[in-house]
Amino acid sequence: MRFNFLLFLLGLAGLVMMFAPLPVQSSPPVEREFRIEASQYAYSPGEISVNPGDTVKIHLVSTDVVHGLYVDEYGVSITADPGQTATLTFVADKPGSFRLRCNVTCGAMHPFMIGKLYVGPNLWFYRSAGLAALVILSIVFWKRSNQPTITAN
Amino acid sequence: MKRPELLTRLLITATLLGVVALPLWAWVSVLSNVEEPLIHASIAESGGWSPDVIQAKVGEPLHLKFTSDDVMHGFAVGQMEMQPVDIEPGKVSETTLTFTKPGIYTFFCTRWCGINHWRMRGTLEVSGEPTAPETVSPALYVTLGLNLDAPHLADAVPAEKPSAARGMGLLHQISNLPVDQSADYYRSHSPSQVFQDLSTSGLTDSQRWEVVAALWAQNTSPAALAEGGEIYAQNCAACHGETGSGNGVFADDLAARGEASMQAMSGSMDMSMQTPASFSDPQRMLGASPALLQGKILRGGMGTGMPMWGSIFTDEQIWNVIAYLYSFQFDYSK
């Protein structure tokens with residue numbers, strides 16, 4: 001009975017970890033400008049972070065061959081030739097972390113030319129860290145509740 | 001013979017014939033396609049165009065198929081009105097060209113594919129009955145006897161960007177200015193020479209520069225500047241910079257290669273030739289006449305990273321680019 005109650009409590013805690021709305025400090029949306037240099041086969045900077053609701057303006061500067069930039073989930077993209085800076089503007093209205101991908105074949109390692117866009121804090125990271133802690137905790141509890149039965153034998 | 005048997009015999013004969021005829025037909029159609037080989041594009045360091053010589057006949061449509069072996073390239077024929085063809089790895093792009101005049105044409109890569117992008121060129125030999133011979137006049141820098149490699153620094157530079165609009169007003173007010181408004185005068189004089197010619201006019205220094213700016217504005221048009229700007233962005237900005245200050249994305253690479261090259265050993269001037277020219281430097285730009293700039297663009301930098309554009313652009317396109325280059329020095333806004 002006591003064990004079942006504990007299991008129920010742990011399950012409840014897990015659900016809270018997964019779905020509870022975390023207090024995210026919301027800042028008024030601003031326009032953020034980034035200058036991303038693209039070369040074979042990397043973006044520099046390779047990771048950019050913004051707050052949800054911000055207007056993101058990316059100036060893509062290519063330094064060797066024709067490169068592109070595609071933002072996963074948002075589905076927006078631009079292409080930049082060396083000497084012709086291209087500008088991509090979009091509103092980051094979906095929170096989470098998204099891949100930036102080169103969408104112009106730029107050589108052998110083209111598929112590995114990726115970057116990352118963070119919109120808001122990485123909630124899934126915190127949630128999964130919390131869940132992992134919970135799992136460790138439950139293993140400890142389980143061991144403890146099992147111990148007397150083992151020693152009784 | 002019974003009817004079903006006849007039908008069966010016919011069917012078997014047709015099948016047997018088909019087994020032989022189908023592969024034969026496929027083989028023949030593959031053979032006939034050999035006339036249109038796939039042209040492979042790769043960066044200049046790994047060979048450029050393959051093949052780099054294409055034969056064609058006047059009046060006959062030339063069908064071309066391209067693919068890329070590494071990065072994105074483009075195809076266009078110099079001095080020809082055509083839509084450039086983008087060439088991507090893993091895809092085949094096609095175009096059909098028809099030539100009206102025999103001769104040797106240059107085809108070139110239109111998308112930047114590295115520091116040696118401009119070395120990706122090939123020739124297109126168009127054979128046919130020669131039409132009436134055309135008289136070819138030498139370029140203006142040849143008739144003027146200009147030395148393209150001599151330093152050309154202006155003696156005086158304006159304190160601020162001269163306004164063409166104000167200069168236009170002065171041009172209309174004062175009738176007997178010692179300058180000529182013809183295209184020949186504009187092309188053969190540098191802004192600083194015209195500034196010197198105006199020394200007897202009684203105008204202040206800044207007014208004289210404004211008259212110079214007005215003369216330069218008169219010899220171009222917004223449409224010409226727009227075309228020049230487009231050609232500049234596509235072909236020049238990667239080295240000379242989008243703002244014309246010589247700091248394009250390849251500028252550092254060019255400087256590094258210049259230092260490593262043999263030319264760097266003979267003095268600092270040769271070394272500076274390896275860095276792209278800055279069009280926002282008034283001393284250099286105001287000391288150069290349109291004819292001198294045309295010569296530099298036609299001939300190229302010889303040993304530097306500056307390509308020769310003579311076989312690529314028409315005269316009109318080059319004059320438009322030159323007009324655009326001066327817009328880094330003059331204020332053309334109304």
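Scanning segment B:11-25 turns up no residue that is more than 14 Å from every other protein chain (Cβ to nearest Cβ) and either crowded, with 17+ Cβ neighbours inside 10 Å or touching a Gly at 6+ places or on another chain (Cβ under 6 Å) (or both). Name the residues in segment B:311-334 that are more than 24 Å from B:GLU125 (Cα to Cα), of a type in the set (A, V, I, L, M, F, W, C) and part of a loop (DSSP other than H, G, I, E, B), would you? Residues satisfying the conditions are B:PHE328, B:PHE330.
Among the residues of segment B:283-310, the one identified as in contact with a Pro (Cβ under 7 Å, 6 or more places away or on another chain) and not in a loop (DSSP other than H, G, I, E, B) is B:LEU286. Within segment A:12-20, can one find any residue that is of a type outside the set (A, V, I, L, M) and over 17 Å from A:PRO121 (Cα atoms)? Checked against the condition, which is being of a type outside the set (A, V, I, L, M) and over 17 Å from A:PRO121 (Cα atoms), segment A:12-20 yields at least one hit.
A:LEU100 - would you say it is in a strand (DSSP E or B), among the hydrophobic types (A, V, I, L, M, F, W, C) and either touching a His at 6+ places or on another chain (Cβ under 9 Å) or within 14 Å of chain B (Cβ to nearest Cβ) (or both)? Criteria not met by A:LEU100.
Which ones in segment B:96-120 are away from chain A (no Cβ under 14 Å), under 14 Å from the mean Cα position of the chain (by Cα) and either of a type in the set (S, T, N, Q) or in a loop (DSSP other than H, G, I, E, B) (or both)? Within segment B:96-120, just B:THR106 meets the criteria.
Residue-by-condition table, conditions (1) under 27 Å from B:GLN79 (Cβ atoms); (2) in contact (Cβ under 8 Å) with a residue 60 or more places away in the chain; (3) aromatic (Phe, Trp, Tyr); (4) touching a helix residue (DSSP H, G or I) at 6+ places or on another chain (Cβ under 7 Å):
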residue	(1), (2), (3), (4)
B:PRO138	yes, no, no, no
B:SER190	no, yes, no, yes
B:ARG208	no, no, no, yes
B:GLU230	yes, no, no, no
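With respect to (1) away from chain A (no Cβ under 14 Å); (2) free of Cβ contacts under 8 Å to residues at least 40 places away in the same chain; (3) of a type in the set (D, E, K, R), the lone exception for B:GLU160 is condition (2). Return the residue satisfying two criteria in turn: it lies in segment A:60-97 and is over 16 Å from the mean Cα position of the chain (by Cα), more than 17 Å from A:MET113 (Cα to Cα) and part of a strand (DSSP E or B), and of such residues it is farthest from the other protein chains (Cβ to nearest Cβ). Among them, the one singled out is A:VAL91. The C-beta contact set for segment B:296-315 (first residue under 17 Å from B:HIS240 (Cα atoms), second residue of a type in the set (Val, Ile, Thr) and part of a loop (DSSP other than H, G, I, E, B), distance under 8 angstrom, 6+ apart or interchain) comprises B:GLY305/B:ILE115. The residue that is farthest from B:MET120 (Cα to Cα), counting only those in segment B:9-50 that are in a loop (DSSP other than H, G, I, E, B) and of a type in the set (Val, Ile, Thr), is B:VAL34.
Taken together, the criteria place B:SER50 among residues that are surrounded by fewer than 16 Cβ atoms within 10 Å (Cβ to Cβ) and touching a His at 6+ places or on another chain (Cβ under 8 Å).
B:SER68 meets all of the listed conditions (1) within 13 Å of chain A (Cβ to nearest Cβ); (2) among the hydroxyl-bearing types (Ser, Thr, Tyr); (3) surrounded by fewer than 20 Cβ atoms within 10 Å (Cβ to Cβ); (4) touching a Pro at 6+ places or on another chain (Cβ under 6 Å) but one, namely (3).
Within segment B:254-266, the set of residues being crowded, with 18+ Cβ neighbours inside 10 Å and either within 14 Å of chain A (Cβ to nearest Cβ) or at pLDDT 95 or above (or both) comprises just one member, B:LEU254.
Is at least one residue of segment B:41-52 out of contact with any Lys or Arg (no Cβ under 9 Å at 6 or more places or on another chain), farther than 14 Å from B:GLU94 by Cα and among the charged types (D, E, K, R)? Checking segment B:41-52: not a single residue is out of contact with any Lys or Arg (no Cβ under 9 Å at 6 or more places or on another chain), farther than 14 Å from B:GLU94 by Cα and among the charged types (D, E, K, R). Cβ-Cβ contacts under 6 Å between residues 6 or more apart (or on different chains), taken from a first residue in segment B:72-101 that is over 20 Å from A:PRO82 (Cα atoms) to a second residue that is aromatic (Phe, Trp, Tyr), are listed as B:VAL77/B:TYR105; B:VAL77/B:PHE107; B:SER93/B:PHE66. Restricted to segment A:12-40, and to residues there that are touching a strand residue (DSSP E or B) at 6+ places or on another chain (Cβ under 7 Å) and closer than 14 Å to A:GLY115 by Cα, the residue that is farthest from the other protein chains (Cβ to nearest Cβ) is A:PHE34.
The values are calculated or read from the model by the stated rules, or taken from the named source; none is laboratory data. Quick caveat, the model's predicted, so the values are computed rather than measured. Reconstructed Cβ throughout: ideal geometry from the backbone, glycine too, with neighbour counts over all protein chains shown.
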